[in-house]
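The values are calculated or read from the model by the stated rules, or taken from the named source; none is laboratory data. Note that this is a predicted model, so its numbers are computed, not measured. Ideal geometry is used to build each Cβ from the backbone, glycine not excepted, and the neighbour counts take in all protein chains shown. We work out accessible area using only protein heavy atoms, side chains counted, and drop any ligands, DNA or RNA first. Shrake-Rupley method; radii C 1.70, N 1.55, O 1.52, S 1.80 Å.
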Amino acid sequence: MTESLEALRGYVHFLRERDGVRQVRLSRTAREGLAKLAGEGKVSKVSVAVPGGSAVGSRRPPGDGVSPVESRGPAQSTVARSATATSSPPPTTSVANTPPLEITGSTKVEQLRHLAERAAVCVKCPHLVARRHTVVFGVGNPEAKLVFVGEAPGEEEDLQGEPFVGRAGQLLTKMIQAMGLTREQIYIANIVKCRPDMPEGVTGNRKPTKQEMETCVPYLRAQLEVIKPIAMVALGATAVEGLLRPVGTIGSLRGKFLEYRGTPLMPTYHPSYLLRNQSNTEKRKVWEDLLKVMERLEMPISEKQRNFFLKV
Ligand code: URA
């Protein structure tokens with residue numbers, strides 16, 4: 001065991017710091033080794049230690065399979081990493097029995113940072129840990145009135161550590177801008193924080209499994225509890241399913257507010273659907289959904305905005 005963990009040493013690279021959270025990138029060998037240990041129940045938490053960093057005491061509910069980053073310090077190009085071995089079995093989770101994550105910290109920024117730190121070292125899904133480059137926690141304003149929820153990171157998001165930065169993400173950014181907003185004013189997160197793995201040599205993305213969603217959704221639930229948005233948009237059926245369980249097809253759900261724990265939730269098509277169906281009719285449907293969200297947020301709406309995509 002120790003030998004295996006030792007073998008992982010030296011394979012971790014500091015990637016960057018986002019919102020005060022270090023995102024580390026493991027080499028493939030390290031990822032696969034870590035995933036194997038996690039799958040065998042030999043690792044239930046991983047800590048990233050920065051030489052010279054000061055310890056932050058962060059509590060962890062027992063048995064949730066993740067740990068906070070235990071030591072912090074000035075950004076450095078190399079980090080020493082240690083994995084903690086335990087004899088507990090790999091955790092199993094389901095929506096029904098997954099306890100909510102404990103929220104620690106006194107400000108929204110701090111609370112989100114603590115959650116991001118835990119997600120960054122999560123090993124609950126060993127098969128995803130084996131392939132992921134980053135954990136894509138979420139991005140945006142902790143005080144956001146509006147939160148967009150997607151399904152899971154794709155290839156580009158996995159590499160960059162930020163949700164919706166690939167082709168679908170660029171379209172989402174345009175939609176946000178058409179509303180008169182910026183990505184910095186709102187918050188964007190996914191149901192699943194790690195890229196769903198694809199078979200070797202196969203490109204593209206896959207929908208996360210029910211189990212992956214059930215395992216990961218407590219992070220999103222905690223994010224929403226911290227942010228407390230006034231309204232939310234669920235991008236595609238998977239996002240609705242992750243938040244509310246299966247309630248219908250996106251075609252039948254879109255355009256009418258649902259409710260997520262007291263917050264109005266507008267289901268609409270995922271931007272990747274609009275990339276495949278580029279007619280003004282489909283764009284208009286999504287736009288009408290977003291107009292309803294703008295009205296709910298009491299945002300000013302110009303005549304020009306009201307008429308977007310009306311020419312079919
Ligand atoms: N699709 C999603 O649902 N989320 C992303 O972050 C990127 C693409």
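Pairing each residue of segment 253-270 that is assigned to a strand (DSSP E or B) with any residue that is open to solvent by 50 Å² or more (accessible area, probe 1.4 Å) and of a type in the set (Val, Ile, Thr), provided the two are 6+ apart or on different chains, yields C-beta distances under 9 Å for Leu258/Val247; Thr263/Ile230; Pro264/Ile230; Pro267/Val247.
Count of segment 183-193 residues, restricted to those that are under 23 Å from Ser302 (Cα atoms) and either near the ligand (Cβ under 10 Å from one of its atoms) or part of a helix (DSSP H, G or I) (or both), is 0. Is it the case that Arg276 is open to solvent by 10 Å² or more (accessible area, probe 1.4 Å), more than 30 Å from Gln211 (Cβ to Cβ) and not small (Gly, Ala, Ser)? Criteria not met by Arg276.
Select from segment 199-238 the residues that are modelled with pLDDT under 95 and away from the ligand (no atom under 14 Å from the Cβ) and write down the one among them that is surrounded by the most Cβ atoms within 10 Å (Cβ to Cβ). Among those residues, the one meeting the criterion is Val202. Considering segment 242-275, and only residues there that are touching a helix residue (DSSP H, G or I) at 6+ places or on another chain (Cβ under 7 Å) and of a type in the set (Ser, Thr, Tyr), the residue that is nearest to Pro218 (Cα to Cα) turns out to be Tyr260.
Looking across segment 251-273, the residues that are closer than 15 Å to Ala168 by Cβ and either open to solvent by less than 30 Å² (accessible area, probe 1.4 Å) or away from the ligand (no atom under 16 Å from the Cβ) (or both) come down to Thr268, Tyr269, Pro271. Selection of segment 279-312 for residues being among the aliphatic types (A, V, I, L, M), open to solvent by less than 80 Å² (accessible area, probe 1.4 Å) and either without any contact (Cβ under 8 Å) to a residue 60 or more places away in the chain or touching a Gly at 6+ places or on another chain (Cβ under 7 Å) (or both) yields Leu291, Met299, Ile301. Taken together, the residues in segment 203-218 that are in a helix (DSSP H, G or I) and under 15 Å from the mean Cα position of the chain (by Cα) amount to 7.
When segment 136-182 is filtered for residues that are assigned to a helix (DSSP H, G or I), free of Cβ contacts under 8 Å to residues at least 60 places away in the same chain and either open to solvent by less than 20 Å² (accessible area, probe 1.4 Å) or within 11 Å of the ligand (Cβ to nearest atom) (or both), the ones remaining, listed by number, are Glu155, Glu156, Glu157, Asp158, Gln160, Gln170, Ile176.
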